[in-house]
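The structure appears below as structure tokens.
No lab work stands behind these numbers, since they all come straight from the coordinates. In this text, all values refer to a predicted model and were calculated from it rather than measured experimentally.
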Amino acid sequence: MNPHKPRTLISRWLRVGLLLLTIGSRTEALRAQEMTLELDPANTRIEFTLAATLHTVHGTFALTSGTIHFNPSTGSASGLVIVNAASGDSGNKSRDHKMHQEILESQRYPEITFTPGKVSGKADLQNDSSVQVDGVFKLHGTEHPMTLTMPVQAKGNSISARTHVVIPYIAWGLKNPSMFLLHVSDQVEVDITAVGRVLPMQAQPADNH
């Protein structure tokens, strides 16, 4: 038997052990950097604009809830933002009735959602910054990839962000609301001012198995 073999095996196992410890430490460090953004429905504004031949239609939607988990180091993101489809209000009951019954079908599709998947850019929680959020936008039961460019303002754990989105709703399969004498745009512009708070995300407990 080679007298050096046990020593070689011990050395190899020590290296493996050190490698596993290093990987574990890095994993815990990345977990510690994960953050959670909770949106405030009462102070978040969702405004839409739809151009038409006779006048431009302005309206709002209400945020139901919004929670986004993200890791500034890796750019990974998850969570869900939910908008109440039935809350759409343009200030005209007849027009809004048609919007909900014929266009959005909000009783059948009560939620408009955005699911984040990736955050690009440096989110500075002490100063103004800008990020891009890639995710999936779900409207009228159909999912569409979407990228949001968001200037972000942070103060303490409070955060606000703005974004502008152009939604080609007719190309996405929704009904065209135009009539013989009234033509409306095939795209609706949406301006969002999101307000919320950022909290550190607790590291997950170690698996005891």
- Taking amide H positions as placed 1.01 Å from N in the peptide plane, with prolines and chain starts having none, which residues 5 or more places from Lys118, or on another chain, fall under 5 Å of its amide H? Ala77, Asp134
- Once phi for every residue in region 140-152 is put through the Karplus expression 6.51 cos²θ - 1.76 cosθ + 1.60 (θ = phi - 60°), the whole-Hz ³J(HN,Hα) values, with Gly and Pro written as x, are 6, x, 10, 9, 9, x, 8, 10, 9, 9, 10, x, 10
- Task: Would you kindly derive the ³J(HN,Hα) couplings of region 44-55 from the backbone phi angles with the Karplus curve 6.51 cos²θ - 1.76 cosθ + 1.60 (θ = phi - 60°), listing them in order in whole Hz, with x for Gly and Pro?
- Result: 8, 10, 10, 10, 10, 9, 10, 6, 9, 5, 8, 6
- Everything considered on the Cα gyration tensor (a ≥ b ≥ c; rounded for a/c under 1.5, else prolate if a/b is larger than b/c, else oblate), region 33-200 must be described as prolate
- Message: Give me, ordered by chain and number, the residues 5 or more places off Ser87 or on other chains with an amide H under 5 Å from its own placed amide H.
- Response: Ala62
- region 157-163 - phi-based ³J(HN,Hα) in whole Hz, Karplus 6.51/-1.76/1.60, Gly and Pro as x: 9, 8, 9, 9, 9, 10, 8
- Placed amide H near Tyr169: partners under 5 Å, 5+ positions off or other chain: Val188
- Past the 30 Å Cα-Cα mark, which pairs from Lys93/Lys138; Lys93/Lys118; Lys93/Lys175; Lys118/Lys155? Lys93/Lys118
- Potential lengthening between Gln101 and His55 on full extension [0.36 nm per residue; Cα-Cα distance subtracted]: 14.4 nm
